[in-house]
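Presented below is the structure to which this report refers.
Read-outs throughout are calculated quantities, based only on the coordinates presented, and are distinct from any laboratory measurement. These numbers come from a predicted model, not from an experiment. Note that each Cβ is placed from the backbone with ideal geometry, even for glycine, and that neighbours are counted across all protein chains shown.
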Amino acid sequence: MPAEGFDADVAIFACSHRAGGNSDAAAALLASGVAQAGATARVLALRDYSVLPCLACRACAAHGQSRCVLAGKDQAEELFAVLMRAPVVLFASPIYFYALPSLCKTWVDRSQRFWEARRKGDPWVLTLRERAAYACFVAGQPTGQKLFDGARLTLKYFLVNFGLALGEPLGLRGLDGRDDLAANAEASRLVLQQGREAGQRALEAAHSA
């Protein structure tokens, strides 16, 4: 059974603009790993949701409940609700120019109201239960010492506002062609392993609730 106030499914966010690529394959493998651990997963492709860009209007800083003026005009809050309720969260994302894809970054920027809520000490965000988060980054570039650093830091400080602690991401290099991940047995094994670990964490969270 899920912890009180939380969903049963592990949430897996697929962050690519393109359907059927390597990060989508990674999301599917993560879901398989979660299932192998005995938990259940829900894959959400960000490209299927409408998210408007942040207006940088600072209205959330002044509003009593840190409300966004764009709430109800798109599906950003629907996605945020998943982050607030999932027992464990995973991200499967390609790397574009050493960073997250623009549609994912747009959603990240819309979370400003959660940062403002934490700054102001709003109980509804400060009382969120601490949970685990994972990331699988897929890059076509085979080299680059800091290839995954930008995406890792962005996700880390995005997720902390939801009570989610990002573990060390899995970074996969040199997977550029559409089916490169499927053809790479070792990379596929690592992704499945990450999914299993996430599934185990979800089960542990449910048992400890």
* Could you work out how far apart the two model spin labels at T40 and R18 are, taking each label as a point 7 Å from the Cα in the direction of the beta carbon, and quote it in nm? => 3.3
* Candidate lysines for bridging to K156, where Cα separation is under 23 Å - those fewer than 8 sequence places away on the same chain excluded -> K105, K120, K146
* If you average 1/r over all unlike Cα pairs in region 1-86 and invert the result, what Kirkwood radius do you get in angstrom? -> 14.9
* To do: Can you put L52, L90 in order of Cβ neighbours within 10 angstrom, beginning with the fewest?
  => L52, L90
* Exposure proxy order (Cβ contacts within 10 Å, fewest to most) of W115, W107 -> W115, W107
* Considering the chain, what Rg and Dmax in Å follow from its alpha-carbon atoms? -> 16.8, 52
* So how do V160, V88, V34 line up by other beta-carbon neighbours within 10 Å, fewest first? -> V160, V88, V34
* Within-13-Å neighbourhood charge of P142 [Cβ basis; K, R +1; D, E -1] -> -1
* Which Cys residues of the chain have no other Cys beta carbon under 4.7 Å away? -> C54, C57, C60, C68, C136
* **Cα long-axis angle, helix 22-36 against the chain (0 to 90 degrees, to the nearest 10)** => 90
* To do: Would you compute, for the Cα atoms of region 56-170, the largest minus smallest coordinate along each principal axis and list the three values in descending order, in whole Å?
  => 47, 28, 22
* Under a point-charge model restricted to the Cβ atoms of Lys and Arg (+1) and Asp and Glu (-1), what is the dipole moment magnitude of the chain relative to its Cα centre, in debye to the nearest 20? -> 560
* **Sum of -39500 (n - 2.57) over DSSP H runs of 4+, divided by residues of the chain (222 nm, nearest 500)** => -12000 deg cm²/dmol
* Evaluate the Debye formula for region 34-75 with equal point scatterers sitting on the alpha carbons, no solvent, and hand back log10 of I(q)/I(0) at q = 0.30 Å⁻¹, in q order, two decimals. => -1.05
* Quick one: work out the % antiparallel among DSSP beta bridges in the chain, nearest 5. => 5
